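Below: one structure, written as structure tokens.
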Amino acid sequence: MIKTYINTGSKDTRSGFGAGLEALGNQNDKVVALCADLTGSLKMEEFRDQHPDRFFQVGIAEANMIGIAAGLTVGGYIPFTGTFANFSTGRVYDQIRQSVAYSGKNVKICASHAGITLGEDGATHQILEDLGLMKMLPGMTVINTCDFNQTKAATIAIAKLNGPVYLRFGRPKVPNFTPDNQNFEIGKAVLLTEGTDVTIVATGHLVWEALEAAKSLEGQGISAEVLNIHTIKPLDDEAILKSVAKTGCLVSAEEHNFLGGLGESVARVLALHHPVPQEFVATNDTFGESGTPEQLMEKYGLNAATIEAKVKKAIGRK
Amino acid sequence: MKTVNLKRKSNNMPNTAELQDFTTQVRRDILRMVHRVNSGHPGGSLGCAEFFVVLYQSIMKQKLPFQMNGEGEDLFFLSNGHISPVFYSVLARSGYFPVEELNTFRHLNSRLQGHPTTHEGLPGVRIASGSLGQGLSVAIGAALAKKLNGDSHLVYSLHGDGELQEGQNWEALMYASGKKVDNLIATIDYNGQQIDGSTDDVMPMGDLKVKLAAFGWEVVEILQGNDLEAILKGMTEAKSKTGHGKPVAVLLHTVMGNGVDFMMHTHAWHGKAPNDDQLEIGLSQNKVTLGDY
């Protein structure tokens, strides 16, 4: 029997970030926040209003924001920068590379509106390359959370890690099903449900879709094991290998280009230690477009139905 | 940890003759470092030798041993990281690390990378620089941290003039005045040269003094940027302007390659090392003072 998860009420993951930041603001006076004119979109208002001295509005100037954050770490602060994922990564890659990653600065780059589910704004704002950009930087921890509760817990957890972190979350309301006040362990995959026929590793908004797929597959006599990979780097190799040793095939699922994403990181682990058939649920080297999040997830094959189809394909290749 | 004030040439504030000796030795270091590895950037380094010596020996209050957080001391950020030879020489001779280590500049497994970095833990360096245009933002962040910490010490930074062609600088210039970051002194090495030629030919930047003032900065101009007393006077004036609601910019007029006649007034030595004969000529114009490393 697969384990059942209850949606306690759909919420946006960005609100989880806002709630986590608010909690951190009261716990740790070294936490500071910077925003590039998107305070409302990033849900940073509570932190701003409660700690005006520790909140820095930098205007529409993301490169400057990253540099200021790097400088703040020198004086012992833990800066959390907030803007959309596109402007948090691609726009400021060199600033992150030199002033943050290479300099080893304790900056938390917090990125909302990631992926295609940003919706109607279209491809200029829908980055599907950010995980790849960030995971290639030496020393960068890369996290993509799946729901409100997990995003809140991750936000609080990364303040305790001394080093640069990329935290990715999104705009749409999605099922909130992981425990409230959970202990978020950076780099540890969460085994959501056990199975014997296939391993589904999912990250971000695709985790709920993976659970939905597992439920449907169970009715068809296919036993799926679902792992929530919230930390893409460092990847929990051990959990993945333990699972495929049992199931013998794998499907990766992410709201990202198949080039550079979770799937490629997992493929490397399998190639090195335990080659088994793998199928990818991801965008296929393409830009996005305008539409509702639901329409886009369907058109670009980022949903339970596609995961289900890829599971059957993977099993067929065993 | 017990900390002591920065090593200076004498216990009291060094006099001009002592600073001159220090500068001459720094010029020798720059030439020898770049010659030994046949790469690096002597032109801008030589042009800023006097500035670095005055900054580290007379202007800033700094503590040893080096601590990253810089609590209770002045901080310096080098944005135009390619002039690392002058930075390394002055840091070593101010007591941050052994001067013998200058021998390792740009060699494999060295802490003295081609461009400065924190990655190898070299004392005195608080940020990596090399990709241009990022240092002013970092300096602003450090200055904001000083304010949050109630630390009244200042943050200094140095930038190339050509470097101001990078747009991030103008984001930072706007921020610092708009948010009243008045514990910051950003100096611009105004030598009018960049890799492809004069700044006026490559990308004319107009009247920098007027532009900086229009961006809300206090501007101090040091017309003789290779004269120790002029730098001391100008930087002292700049310090006096801090704490009054505006960031302070210093336009430091320098001569690229200063102190080595054939390297002066040209961009040709921006990123080129002297050969054996050229090194001899350069060293003969700068006799040993404090002793070679």
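The values are calculated or read from the model by the stated rules, or taken from the named source; none is laboratory data. Note that the structure is predicted; figures quoted are calculated from it, not measured. Counting neighbours? That spans all protein chains shown, and the Cβs are built from the backbone with ideal geometry, glycine included.
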### Residues of the range A:109-122 classified as of a type in the set (Gly, Ala, Ser) and out of contact with any Ser or Thr (no Cβ under 8 Å at 6 or more places or on another chain), total
2
## Note on the structure
Quick count over the range A:47-93, residues being closer than 29 Å to residue B:71 by Cβ, within 21 Å of the chain's Cα centre (by Cα) and among the β-branched types (Val, Ile, Thr), is 4
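Give B:154, B:184, B:148, B:158 a once-over and let me know the one that is surrounded by 23 or more Cβ atoms within 10 Å (Cβ to Cβ), in contact with a strand residue (DSSP E or B) (Cβ under 9 Å, 6 or more places away or on another chain) and closer than 19 Å to residue A:65 by Cβ. Spell out how you get there, then give the answer.
Working: B:154 fails: closer than 19 Å to residue A:65 by Cβ; B:148 fails: surrounded by 23 or more Cβ atoms within 10 Å (Cβ to Cβ); B:158 fails: closer than 19 Å to residue A:65 by Cβ.
On inspection, the qualifying residue turns out to be B:184.
Going by what's in this entry, would residue A:216 be described as among the hydroxyl-bearing types (Ser, Thr, Tyr) and either touching a Gly at 6+ places or on another chain (Cβ under 9 Å) or outside any helix (DSSP H, G or I) (or both)?
Details: among the hydroxyl-bearing types (Ser, Thr, Tyr): yes; either touching a Gly at 6+ places or on another chain (Cβ under 9 Å) or outside any helix (DSSP H, G or I) (or both): no.
Here the answer is no, as residue A:216 does not meet what is asked.
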### Query
Which of the residues that make up the range B:65-124 are in contact with an Asp or Glu (Cβ under 6 Å, 6 or more places away or on another chain) and either without any contact (Cβ under 8 Å) to a residue 24 or more places away in the chain or aromatic (Phe, Trp, Tyr) (or both)?
B:111
## Note on the structure
Within the range B:252-272, the residues that are farther than 19 Å from residue B:19 by Cβ and surrounded by 19 or more Cβ atoms within 10 Å (Cβ to Cβ) are B:256, B:257, B:263, B:267, B:269, B:270
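Residues are listed down the side, and each one gets a yes or a no for (1) part of a loop (DSSP other than H, G, I, E, B); (2) outside the structural domain of residue A:230 (by TED's automatic domain parsing); (3) free of Cβ contacts under 8 Å to residues at least 12 places away in the same chain:
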residue	(1), (2), (3)
A:253	no, no, no
A:260	yes, no, no
A:266	no, no, no
A:271	no, no, yes
A:279	no, no, no
A:282	no, no, no
A:285	yes, no, no
A:288	yes, no, no
### Summary
Among (1) surrounded by fewer than 21 Cβ atoms within 10 Å (Cβ to Cβ); (2) part of a helix (DSSP H, G or I), residue A:221 falls short only on (2)
### Query
Looking at the range B:187-223, which of the residues that are buried (at least 21 other Cβ atoms within 10 Å of the Cβ) and hydroxyl-bearing (Ser, Thr, Tyr) is nearest to residue B:47 (Cα to Cα)?
B:190
### Task
Pull up the range A:1-16, narrow it to residues that are in contact with a Lys or Arg (Cβ under 6 Å, 6 or more places away or on another chain) and assigned to a helix (DSSP H, G or I), then point me to the one that is nearest to residue A:180 (Cα to Cα).
A:16
### Message
Just to verify a result, which residue in the range A:191-201, among those that are touching a residue at least 60 places away in the same chain (Cβ under 8 Å) and of a type in the set (A, V, I, L, M, F, W, C), is surrounded by the most Cβ atoms within 10 Å (Cβ to Cβ)?
### Response
A:200
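Could you identify the single residue in B:119, B:82, B:107 that is modelled with pLDDT under 95 and either surrounded by fewer than 22 Cβ atoms within 10 Å (Cβ to Cβ) or within 14 Å of chain A (Cβ to nearest Cβ) (or both)?
Values: B:82 fails: modelled with pLDDT under 95; B:107 fails: modelled with pLDDT under 95.
Unique residue meeting the criteria: B:119.
Among the residues of the range A:294-318, count how many are part of a helix (DSSP H, G or I) and surrounded by 21 or more Cβ atoms within 10 Å (Cβ to Cβ). Before the answer, list the steps.
As a first pass, look at the range A:294-318 and keep what is part of a helix (DSSP H, G or I): A:294-299, A:304-316.
In the following step, the residues that additionally are surrounded by 21 or more Cβ atoms within 10 Å (Cβ to Cβ) were identified as A:296-297, A:304, A:306-308, A:310-311, A:314.
Going through the range A:294-318 one residue at a time, the tally reaches 9.
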### Query
Between residues in the range A:103-124 that are more than 28 Å from residue B:134 (Cβ to Cβ) and residues that are assigned to a helix (DSSP H, G or I) and not hydrophobic (A, V, I, L, M, F, W, C), which pairs lie under 7 Å by C-beta distance while being six or more apart or on different chains?
A:117/A:293; A:119/A:293
### Summary
All conditions in (1) over 18 Å from the mean Cα position of the chain (by Cα); (2) in a loop (DSSP other than H, G, I, E, B); (3) on the phi < 0 side of the Ramachandran plot are true of residue B:226 except (1)
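Mind listing just one residue for me: the one in the range B:239-291 that is of a type in the set (Ser, Thr, Tyr) and without any contact (Cβ under 8 Å) to a residue 40 or more places away in the chain and, of those, farthest from residue B:151 (Cα to Cα)? Outline the logic, then answer.
Step one: filter the range B:239-291 for residues of a type in the set (Ser, Thr, Tyr), giving B:240, B:242, B:254, B:266, B:284, B:289.
Now drop any that are not without any contact (Cβ under 8 Å) to a residue 40 or more places away in the chain, which leaves B:240, B:284.
On the way: B:240: 17, B:284: 45 Å.
The selected residue is B:284.
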